[in-house]
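S.K.: The structure that follows is given in the form of structure tokens.
The values are calculated or read from the model by the stated rules, or taken from the named source; none is laboratory data. What you see is a predicted model; the values in this text were computed from it and never measured. As a convention, Cβ positions derive from the backbone with ideal geometry for all residues, glycine included, and neighbour counts pool all protein chains shown. Just the protein is used for accessible areas: all its heavy atoms, side chains included, with ligands, DNA and RNA removed. Shrake-Rupley method; radii C 1.70, N 1.55, O 1.52, S 1.80 Å.
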Amino acid sequence: MAPAPEQTPDPRRITDLDALKVFTHPLRIELYRALFTGGAATASRLAGQLGEAVSLVSYHLRKLAAHGFIVEAPELAGDARERWWRVERGFTFRNSDFGDSPQSVAVVGQVTRQLLRARQERYDTYLDGSASWGAQWVDAAFNWEYMPRLTAAELQQLSEELRELIITYRERGRAAEAAGGTEGREQVSVQMFGFPFRP
């Protein structure tokens, strides 16, 4: 019998503006994403992966840890000098949790833009190298936009249903990997945005 897939705790909902400010720096977003997708790593390993100085990476890792976004993984250390880090759980935030003061609006806007830039860079990298993935992956990839007319409540429901669907696929993938089914399996980025606009 295959081992049960790892159960991921619900993402941490950030409601403290000082904690959210951690992600106003683009390198912290890169480090968080590298740990989230690649698993545990040391500062030197992350520095090599991202092309940054080890001292700078260590500084930003400590900032992430100070607000609980990453934790140490001492069980992976080969000796007392090695310091491993990992993401314990994802995070989410809602603009409405921070009020509408000018400072809150500025911080939420800055973090959201940093996250969008990081996502766009990831997609640009895929587009630039799409030929190397082969026809099967290129045909499976998608980039679409629908423009339904919804109420705020319907948009909220759509968001929740899409999240549940993605979680179902994530857990299916983890179960398959736990059973040894790694053939043809890649890390996939699914990016969706839902927001009101007036034409």
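S.K.: Starting from 0 in steps of 10 Å, tell me what percent of the Cα-Cα pairs of the stretch 71-146 lands in each bin.
M.R.: 14, 22, 25, 29, 9, 0
S.K.: Is it possible to state the helix-based mean residue ellipticity at 222 nm for the chain, with each DSSP H run of 4+ residues giving -39500 (n - 2.57), the sum divided by total residues, to the nearest 500 deg cm²/dmol? What is it?
M.R.: Rounded to the nearest 500, it is -16000 deg cm²/dmol.
S.K.: Moving to a separate point now. Suppose accessible area is computed on protein heavy atoms with a 1.4 Å probe; arrange Val105, Val138, Val111 from highest to lowest.
M.R.: Final ranking, largest accessible area leading: Val105, Val138, Val111.
S.K.: A further question on this structure: Say each of Leu115 and Phe193 gets a label point 7 Å from the Cα, pointing the same way as Cα to Cβ; how far apart are those two points in nm?
M.R.: Between Leu115 and Phe193, the simple spin-label model gives 1.3 nm.
S.K.: Separate question: Once you put a point 7 Å from the Cα of Ala153 and another 7 Å from the Cα of Asp10, both along the Cβ direction, what distance in nm separates them?
M.R.: Simple spin-label model gives 2.2 nm for this pair.
S.K.: Here's a follow-up. If you take the beta carbon distance between Ala80 and Phe36 as r and set R0 to 35 Å, what does 1/(1 + (r/R0)^6) give as a FRET efficiency, to the nearest 0.05?
M.R.: E between Ala80 and Phe36, to the nearest 0.05, is 0.85.
S.K.: With all protein chains present, how much of the accessible area of the chain (probe radius 1.4 Å) comes from carbon and sulfur, to the nearest whole percent?
M.R.: Answer for the chain is 52 percent, counting heavy atoms of protein chains only.
S.K.: Find how much the distance from Arg89 to Ala131 grows on full extension, using 0.36 nm per residue of separation minus their present alpha carbon separation; answer in nm with one decimal.
M.R.: 11.8 nm
S.K.: Describe numerically, in nm with one decimal, the distance between label points set 7 Å from Cα along Cα→Cβ at Asp100 and at Ala19.
M.R.: Simple spin-label model gives 2.5 nm for this pair.
S.K.: Regarding the chain, what are the three Cα extents along the principal axes, ordered largest first, in Å?
M.R.: The Cα atoms of the chain stretch 58, 47, 37 Å along their principal axes.
S.K.: How would you rank 148-159, 66-77, highest first, on the average number of other Cβ atoms within 10 Å across their residues?
M.R.: 66-77, 148-159
S.K.: Using packing as a proxy for protection, rank 52-59, 78-85 so that the peptide with the highest average count of other Cβ atoms within 10 Å comes first.
M.R.: Ranked from most to least packed, the peptides come out as 52-59, 78-85.
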